[in-house]
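**Q** This structure is in structure tokens; I'll ask about it shortly.
The values are calculated or read from the model by the stated rules, or taken from the named source; none is laboratory data. Everything numeric here is computed off the predicted structure, so don't read it as measured data. Quick reminder, even Gly has a Cβ in these numbers, built from the backbone with ideal geometry, and neighbours come from all protein chains shown.
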Amino acid sequence: MIKKNAIFTICAKNYLAQALTLRESVHQYNPDVDFHLFLADMKTDEIKNIDLIELSDSWLPGWENMAFKYNVIEFATSIKPFCFKKLFDSGYDKVMYLDPDIYVTHSLDSINNDLDSYSMIITPHYNHIQTKYTGSVSEEELLFVGIYNLGFCAIRNNKIGKQIIEWWADRLSEKCFADKDDALHVDQKWIDFLPGFYPNDILISHHSGINIAIWNLHERELVSEKNTYLIKDLVTGKYDTLLFFHFSGFDPYQRKIINRRHPRFNTDIFPSFIPIINRYSDKVIKNNYDSFAKLAYSFNNFNNSDVIIPLHRRLFRMYLQNNDVKYSPFNEASEFYKILNAKRLILKDKNANYNLGIVKEKNVDINKIDKIFNFLVRLFIFLFGIKRYYFIIKYIRMKTRLENQQFLIEK
């Protein structure tokens, strides 16, 4: 039996305030749509009373291997097509994904109505070409992360929709890394293929009120009209109803900064968006942002609390190519852990946080290190010549890729 439409999101525990705010906004404007929250983390006592869907081999086979080899962003995005499949198998006809930091401001019926004619709906990061580009997110970065933003997509439970999900799930189970060397950017870059595969079945929506975010604010302006937000397309002059705003990279306690990765493009540059920023911030804080934001990601540690570092994840990626792993890699009694431990590759500092694979070392003077390094480089060139130096830096660039450290765990 075909059920009514569904919307879902995916998050780790630290993003639950945003996910709950999304759920409230969906229910406010779309009361007839079912909402599902998938947890890409382990359910702990702090969140035991929240209604959500937990990880399970029943719908996500081999999920522990994925949770180990991927970091938190890679893992949360890798399970997206599997969530679609689970909801398709539950009988939903039209399923929409929204990132947990999205805030819905209107009915989404128009998107579901478009699925009557298309199998999938996606949005480009921005709508209009510019000879002199003025956007906050560089074109070079968008070439890497993908033309379409997958903080939103909607898929119909039909033949082509199922083909897309099957293909996408296969790719993301193995290749959902954020890795420039492999031209991969999690789940998102793969979608660049789809308009070419299904030109008549993929709707590339240019509705200016869908998926508003830092990457398209340069071509849009927010206008408040009674209880409705409108978006003015600054290129065409056309007005659309704002359906949802995407608060990517946003901190409700730093309201001037719309996205932490692009602080220069703040509310001084885009003042029209201040009302919705304030409205959203108040709601997220009310939904226990202070408490949830501090919760640790469960898959940053082995079961014995030893820290999992990015090197471990990428070594496990290579290890899986030659080994059929049927055990939990998080178990300190597992074969992979024993190899790491025997090779002295286990980090003993259990307080380190490698959530995104980036750690700022304390008590390290980078400027001093730069001066020493630059001196040694000049000395090397003086003694051995530029030809040998050029060879060395090419070799080091190849060798320092984490996957190329596989020799560390070889016998």
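**Q** For the range 155-171, does any single residue satisfy the condition of being touching an Asp or Glu at 6+ places or on another chain (Cβ under 6 Å), aliphatic (A, V, I, L, M) and in the same structural domain as PRO31 (by TED's automatic domain parsing)?
**A** Within the range 155-171 (the criterion being touching an Asp or Glu at 6+ places or on another chain (Cβ under 6 Å), aliphatic (A, V, I, L, M) and in the same structural domain as PRO31 (by TED's automatic domain parsing)), the answer is yes, since at least one residue qualifies.
Let's see how each residue does on (1) surrounded by fewer than 18 Cβ atoms within 10 Å (Cβ to Cβ); (2) of a type in the set (Gly, Ala, Ser); (3) outside the structural domain of ALA169 (by TED's automatic domain parsing):
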site	(1), (2), (3)
GLU46	yes, no, no
ILE53	yes, no, no
SER58	yes, yes, no
PRO61	yes, no, no
ASN65	no, no, no
ILE79	no, no, no
PHE82	no, no, no
TYR92	no, no, no
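**Q** Out of TYR289, TYR297, report the one residue that is touching a residue at least 24 places away in the same chain (Cβ under 8 Å) and under 30 Å from LEU408 (Cα atoms).
**A** TYR297
**Q** Follow-up question, since we're still on this one. For the range 173-194, give me each residue that is under 14 Å from ASN149 (Cβ atoms) and in contact with a strand residue (DSSP E or B) (Cβ under 8 Å, 6 or more places away or on another chain). Can you show your working first?
**A** Initial filter on the range 173-194 (under 14 Å from ASN149 (Cβ atoms)): 185-192, 194.
Those that are under 14 Å from ASN149 (Cβ atoms) and in contact with a strand residue (DSSP E or B) (Cβ under 8 Å, 6 or more places away or on another chain): HIS185, VAL186, ASP187, GLN188, ILE191, ASP192, LEU194.
**Q** Quick one: is TYR118 more than 24 Å from the chain's Cα centre (by Cα), exposed (fewer than 15 other Cβ atoms within 10 Å of the Cβ) and not charged (D, E, K, R)? Break it down into steps so the answer makes sense when it comes.
**A** Details: more than 24 Å from the chain's Cα centre (by Cα): yes; exposed (fewer than 15 other Cβ atoms within 10 Å of the Cβ): no; not charged (D, E, K, R): yes.
It is false that TYR118 is more than 24 Å from the chain's Cα centre (by Cα), exposed (fewer than 15 other Cβ atoms within 10 Å of the Cβ) and not charged (D, E, K, R).
**Q** Mind telling me which of the residues ASN288, ASN278, ASN227 ends up being surrounded by fewer than 20 Cβ atoms within 10 Å (Cβ to Cβ) and more than 26 Å from the chain's Cα centre (by Cα)?
**A** On inspection, the qualifying residue turns out to be ASN227.
**Q** Determine, yes or no, whether PHE88 is within 18 Å of the chain's Cα centre (by Cα) and closer than 26 Å to GLY161 by Cα. Give the steps one after another, and end with the answer.
**A** On the way: within 18 Å of the chain's Cα centre (by Cα): no; closer than 26 Å to GLY161 by Cα: yes.
Here the answer is no, as PHE88 does not meet what is asked.
**Q** How many residues does the range 139-168 hold that are surrounded by fewer than 21 Cβ atoms within 10 Å (Cβ to Cβ) and touching a Pro at 6+ places or on another chain (Cβ under 7 Å)?
**A** The number of residues fulfilling the criteria is 1.
**Q** Name the single residue, out of those in the range 244-269 being within 30 Å of SER110 (Cβ to Cβ) and of a type in the set (Phe, Trp, Tyr), that is farthest from the chain's Cα centre (by Cα).
**A** PHE265
**Q** Let me ask something else about it. For the range 189-293, please list each of the helices (runs of 4 or more DSSP H) lying entirely inside it that holds at least 2 residues being under 25 Å from TRP168 (Cβ atoms) and not hydrophobic (A, V, I, L, M, F, W, C).
**A** Passing ranges, in order: 194-197.
**Q** Quick one: what pairs do we get from the range 326-348, first residue at negative phi, second charged (D, E, K, R) and at pLDDT 95 or above, C-beta under 6 Å, 6+ apart or different chains?
**A** SER328/GLU64
**Q** When residues of the range 388-406 are filtered for being more than 30 Å from LYS175 (Cβ to Cβ) and either at pLDDT 95 or above or of a type in the set (A, V, I, L, M, F, W, C) (or both), how many remain? Full working, then the answer.
**A** In the first step, residues of the range 388-406 are kept if they are more than 30 Å from LYS175 (Cβ to Cβ); the result is 388-392.
Retained after the next criterion (residues that are either at pLDDT 95 or above or of a type in the set (A, V, I, L, M, F, W, C) (or both)): 391-392.
Number satisfying all stated conditions: 2.
**Q** Looking at the range 245-256, can you tell me whether even one residue there is touching a residue at least 40 places away in the same chain (Cβ under 8 Å) and touching a Leu at 6+ places or on another chain (Cβ under 8 Å)?
**A** The answer is no, given that none of the residues of the range 245-256 is touching a residue at least 40 places away in the same chain (Cβ under 8 Å) and touching a Leu at 6+ places or on another chain (Cβ under 8 Å).
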